[in-house]
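Shown next, in structure tokens, is the structure this report addresses.
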Amino acid sequence: MAVLVIADHDGAHLRDTTNKTLTAALQLSTDVDVLVYGDGVQSIADAAAKLSGVRKVLLSQSADLKQDIAEDVAALVTGLAANYDVVAIPASSAGKNFAPRVAALLDVSLLSDVMEVVDANTFVRPIYAGNALETVQTSEAKKVMTVRTTAFKAAAEAEGGSATVETVAAPASKAGTRFISEEKVVSDRPELGAAKIVVSGGRALGSKEEFDAVIDPLADKLGAAVGASRAAVDAGYAPNDYQVGQTGKVVAPALYIAVGISGAIQHLAGMKDSKVIVAINKDPEAPIFSVADYGLVADYKTAVPDLMKALG
Amino acid sequence: MKILVPVKRVLDYNVKVRVKADQSGVDLANVKMSMNPFDEIAVEEAVRLKEKGIATEIVAVSIGPAQAKDTIITALTIGADRGILIQTDQDIEPLAVAKLLKAVAEAEQPDLIIMGKQAIDGDNNATGQMLSTLLDWPQATFASKVVVENGEAHVTREVDGGLQTLGVKLPAVITTDLRLNEPRYASLPNIMKAKKKPLEIKAITDYAVDVVPRLKVLKVTEPPKRTAGIKVADAAELVANLKSAGVL
Ligand SMILES: Cc1cc2nc3c(=O)[nH]c(=O)nc-3n(C[C@H](O)[C@H](O)[C@H](O)COP(=O)(O)OP(=O)(O)OC[C@H]3O[C@@H](n4cnc5c(N)ncnc54)[C@H](O)[C@@H]3O)c2cc1C
């Protein structure tokens, strides 16, 4: 059995999610190749070749691929899929965008958000915002899956391998979809999905100014990424990219600090696998306390400055 | 311009999910069922396009049990013009749903399909992308803004790292994210009107589509429970605890 892992990267570096998807792939087979696509991403392919367990790296580059248009990426991956039994894709927003297309082009079902490999045909995945786990067995000869990367550890050695890098041609771009623009949130903080510590703010913050004045300094003091509840994002206190939850990012840091977040199931779906959870909320009955290891019943207006002081 | 909006009946998002003791699935007996929230946003967006004079007809389509008629009536209440229910008691997988919707699209010839990015039961986030692929129409997923002009939709998408705007030539498939709009509340007169709008009932056998499941659900279980920890008195105690837990 051979597995093709699709690398996730930010244009300059391989993301940790690639490494975690590799871990899932290595549970299925020892014949694991990695596809790196984009533009000017040779150094990322070289980094992927060093990951231990990688047999070969495929590198496909074009100006079109840089825009991550689902039609183009799916065409590339489907073309390569003939040589593989499994295609494993990190469940990032880009992965979720093109993975179902690959499945449809191959006329197979998609295994979404795989969080455990039971055997070659059996997988566990979350349903109902993670309030239930489904163990499914597939009868497809070729399997296409997205991997919930927070459920897998990064492969131990990032420098153990010395795979070859092979260039593959990028298919011609489809005419129906064109890239117009993008607005990326630039930040010096760690990425939300990869951070060891996440500080998230909720509706309680009340304004963007307050969110920035309260959450950001705490995050910076801890070297943490900033997250938010849907209510905080909807109200414009934080960018969409910060949303943690069923329909936002799924995170599992060593420490998650929820400030003024009630703990709706859709929010818990995105953070309940964090190692240690801290909740700061003035309502002792807030559901967030039912999952928090350390609960501080207090007004964030005094609690967060106190916490800053206690951290020194 | 004609818009097709697929809608799904799911467990209401406020209802606590209970896994059945025999691990055969989630208990759906005697609990509140509603339209998938993302689909409600899709219907609302279609109705807004109609109110702007861009769309002329909105067709809501659902695949599900007899009670999914209520889900279609919800769509008609928001402002869809007519409904199609492909009635079945079988659980249809996303790929087969996409194939059925493709058949509907071929019969209805819409200029645009707007649908939810995921259903909050299966959380697959797959059907829209699959439908776009099968129809060979452009796709724009996770939409937080849609502008239609000159035969093209400009769609702002919520992606990791921020926002991306794509132009997709019509006909196209758009999937909705939460911030696209806030669906209106149903008014009583609209509910009365909705009940008089045409609703066609079809069967799976009306379409030449293979809906045999490819995945077998072996069991559905509860996730490991997290238990509540301790309450700390103040920030200093919190920091002391985090230090001894080794996370600071
Ligand atoms: C389909 C669907 C998908 C969703 N997806 C997501 C998702 O991905 N992520 C997500 O987060 N939500 C999601 N939601 C929304 C979710 O249901 C909740 O509405 C949302 O998480 C609430 O955000 P919140 O906790 O910030 O706000 P609230 O629920 O309003 O909570 C605010 C909290 O702040 C506390 N508070 C107020 N003032 C203070 C103060 N001065 N000091 C301390 N505490 C204070 C209050 O006690 C309260 O507990 C989704 C909903 C739906 C229907």
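The values are calculated or read from the model by the stated rules, or taken from the named source; none is laboratory data. The model shown is predicted, which means the values in this text are computed figures rather than measured ones. Every residue, glycine among them, receives a Cβ derived from its backbone with ideal geometry; neighbour counts consider all protein chains shown. Just the protein is used for accessible areas: all its heavy atoms, side chains included, with ligands, DNA and RNA removed. Shrake-Rupley method; radii C 1.70, N 1.55, O 1.52, S 1.80 Å.
For region A:192-311, what D do you get in µm² per second when you plug the Kirkwood radius from alpha-carbon pairs into Stokes-Einstein at 37 °C and 0.692 mPa s?
Working: Rh = 13.6 Å.
Answer, rounded: 242 µm²/s.
Among B:199-212, B:43-56, what's the highest-first ranking by average C-beta atoms within 10 angstrom per residue?
B:43-56, B:199-212
Dipole of region B:1-97, Cα-centred, from +1 at each Lys and Arg C-beta and -1 at each Asp and Glu C-beta, to the nearest 20 debye? All intermediate terms of the calculation are to be shown ahead of the outcome.
Numbers: 12 positive and 14 negative charges, 31 e Å.
Roughly 160 debye for region B:1-97.
For the pair residue B:204/residue B:219, report the inter-label distance in nm, with labels modelled 7 Å from Cα in the Cβ direction.
2.7
Given a 1.4 angstrom probe, I'd like the percentage of the accessible area of region A:109-162 that is carbon and sulfur, rounded to a whole number.
Reported share for carbon and sulfur atoms: 46 percent.
Taking only C-alpha pairs under 8 Å that are 6+ residues apart, what is the relative contact order of region A:160-273 in percent?
Values: 176 pairs, mean separation 31.5, N = 114.
Relative contact order comes out at 28 percent.
Need one value for A:299-312: mean number of C-beta atoms belonging to other chains within 10 Å of its residues' C-beta atoms.
Whole-number average of other-chain Cβ neighbours for A:299-312 is 3.
Averaging sequence separations of C-alpha pairs under 8 Å and six or more residues apart, then dividing by the length of chain B, give the relative contact order as a whole percent. Working shown, then result.
Details: 485 pairs, mean separation 56.9, N = 248.
Reported relative contact order: 23 percent.
Could you check what % of the DSSP bridge pairs in chain B are antiparallel, to the nearest 5?
Numbers: 18 of 44 bridges.
Rounded to the nearest five, the antiparallel share is 40 percent.
Here are some pairs, A:56/A:196; B:50/B:145; A:142/B:8; A:66/B:2; A:272/B:145; B:99/B:219; which of them have Cα atoms lying more than 24 Å apart in this structure?
Values: A:56/A:196 30 Å; B:50/B:145 16 Å; A:142/B:8 28 Å; A:66/B:2 33 Å; A:272/B:145 30 Å; B:99/B:219 26 Å.
Violating the 24 Å Cα-Cα cut-off are A:56/A:196; A:142/B:8; A:66/B:2; A:272/B:145; B:99/B:219.
Binning every alpha carbon pair distance of the protein assembly as shown at 20 Å from zero, what are the percents per bin?
Here the calculated profile for the protein assembly as shown is 21, 55, 23, 1.
Given the Cα atoms of region B:43-176, and with Rh set as the inverse mean 1/r over their pairs in the Kirkwood sense, what is Rg to Rh to two decimals?
On the way: Rg = 14.4 Å, Rh = 15.3 Å.
Radius of gyration relative to Kirkwood radius: 0.94.
Straight distance only, please: which aspartates and glutamates reach the Cα of residue B:216 with their own Cα at less than 12 Å, same-chain residues fewer than 8 apart left out?
A:134, A:140, B:91, B:93
Quick one: if you stick a label point 7 Å off each Cα along the C-beta vector at residue B:182 and residue A:234, how many nm between them?
So the label points at residue B:182 and residue A:234 sit 0.7 nm apart.
In straight Cα distance, which aspartates and glutamates are under 14 Å from residue A:282, not counting same-chain residues fewer than 8 positions off?
The qualifying aspartates and glutamates are A:299, B:234.
Expressed as an acute angle from 0 to 90° and rounded to the nearest 10, what is the orientation of the C-alpha long axis of helix A:300-311 relative to the principal long axis of chain A?
With both axes taken from Cα atoms, the answer is about 70 degrees.
Let me check I have the definition right: for region A:2-167, take the eigenvalues of the Cα gyration tensor, multiply each by 5, take square roots. What are those semi-axes in whole Å, largest first? Don't skip to the end; give the middle numbers.
Numbers: eigenvalues 106, 63, 43 Å².
Over the Cα atoms of region A:2-167, the ellipsoid semi-axes are 23, 18, 15 Å.
Can you pull the mean other chain C-beta count within 10 Å for peptide B:237-246?
5
For chain A, what is the relative contact order in percent, using Cα pairs closer than 8 Å and at least 6 residues apart in sequence?
On the way: 671 pairs, mean separation 44.6, N = 312.
The normalised contact order for chain A reaches 14 percent.
Please calculate how many Å² of accessible area region A:192-311 carries per residue, with a 1.4 Å probe and no DNA, RNA or ligand atoms counted. Walk me through the intermediate numbers first.
On the way: 4220 Å² over 120 residues.
In whole numbers, region A:192-311 has 35 Å² accessible per residue.
For chain B, give the magnitude of the charge dipole about the Cα centre (Cβ charges: +1 Lys/Arg, -1 Asp/Glu; no others), in debye to the nearest 20.
Numbers: 32 positive and 32 negative charges, 101 e Å.
I would put it at about 480 debye.
Could you tell me the calculated FRET efficiency between residue B:70 and residue A:139, based on Cβ-Cβ distance and R0 = 41 angstrom, to the nearest 0.05? Spell out each step's value before the answer.
Working: r = 34 Å, r/R0 = 0.82.
Step by step, r from the Cβ atoms, then E = 0.75.
Among B:52/B:117; B:102/B:169; B:117/B:231; B:52/B:197, which pairs are too far apart, with a Cα-Cα distance over 27 Å? Don't jump to the answer; show the numbers that get you there.
Values: B:52/B:117 24 Å; B:102/B:169 18 Å; B:117/B:231 38 Å; B:52/B:197 21 Å.
Checking Cα-Cα distances, B:117/B:231 exceed 27 Å.
Rounded to a whole number, what % of the accessible area of region A:192-311 do carbon and sulfur atoms account for, probe 1.4 Å?
Details: 2230 of 4220 Å².
Here it works out to 53 percent.
Once you charge only the Cβ atoms, +1 for Lys and Arg and -1 for Asp and Glu, what is the size of the charge dipole of region A:192-311 about its Cα centre, to the nearest 20 debye?
Details: 11 positive and 13 negative charges, 47 e Å.
That gives a dipole near 220 debye.
All other residues with a Cβ under 15 Å from the Cβ of residue B:182 taken together, and with Lys, Arg as +1 and Asp, Glu as -1, what is their net charge? Spell out each step's value before the answer.
Values: positive: A:230, B:48, B:145, B:179, B:184; negative: A:234, B:39, B:40, B:44, B:45, B:51, B:177.
Result for the neighbourhood of residue B:182: -2.
Multiply the residue gap between residue A:43 and residue A:302 by 0.36 nm, knock off their C-alpha separation, and tell me the result in nm, one decimal place. It would help to have the intermediate numbers written out before the result.
Numbers: separation 259, 0.36 × 259 = 93.24 nm, distance 4.69 nm.
Length gained, residue A:43 through residue A:302: 88.5 nm.
Where does the charge balance sit around residue B:166 when Lys and Arg score +1, Asp and Glu -1, over other residues with C-beta under 9 Å from its C-beta? Intermediate results must be reported in sequence, preceding the final value.
Values: positive: A:178, B:157; negative: none.
With Lys, Arg at +1 and Asp, Glu at -1, the net is +2.
According to a simple spin-label model (label point 7 Å from Cα along Cα-to-Cβ), what is the distance in nm between residue A:172 and residue A:283?
Distance between the two pseudo-spin positions: 5.8 nm.
Determine, at each q value in 0.08 (inverse angstroms), the log₁₀ of I(q)/I(0) that the Debye formula gives when each Cα of chain A is one equal point scatterer.
Here the Debye-derived log intensity ratios amount to -0.39.
What does the extension gain come out to for residue A:221 and residue A:13, with contour length at 0.36 nm per residue minus their alpha carbon separation?
On the way: separation 208, 0.36 × 208 = 74.88 nm, distance 2.48 nm.
Between residue A:221 and residue A:13, full extension yields 72.4 nm more.
How large is the accessible surface per residue of region B:2-244, computed with a 1.4 Å probe and reported in Å² as a whole number?
Working: 10670 Å² over 243 residues.
Solvent-accessible surface per residue comes out at 44 Å².
Select from A:266, A:236, A:307 the residue farthest towards the positive end of the dipole of region A:192-311; place +1 on Cβ of Lys and Arg, -1 on Cβ of Asp and Glu, and compute about the Cα centre.
Farthest along the dipole direction, towards plus: A:266.
At a 1.4 Å probe radius, carbon and sulfur cover how many percent of the accessible area of region B:1-92?
Numbers: 1710 of 3890 Å².
Answer for region B:1-92 is 44 percent, counting heavy atoms of protein chains only.
Can you compute the radius of gyration and Dmax for region B:125-248, using only the Cα atoms, both in Å?
Final numbers for Rg and Dmax: 24.2, 68 Å.
Report Rg(Cα)/(2.2 N^0.38 Å) for chain B, keeping two decimals.
Numbers: Rg = 20.9 Å, N = 248, 2.2 N^0.38 = 17.9 Å.
Normalised Cα radius of gyration, chain B: 1.17.
Once you list every other residue whose beta carbon is under 11 Å from the beta carbon of residue B:135, what net charge do they have if Lys and Arg are +1 and Asp and Glu are -1? Intermediate values should be presented prior to the final figure.
Numbers: positive: B:99, B:102; negative: B:106, B:136.
Cβ neighbours under 11 Å give a net charge of 0.
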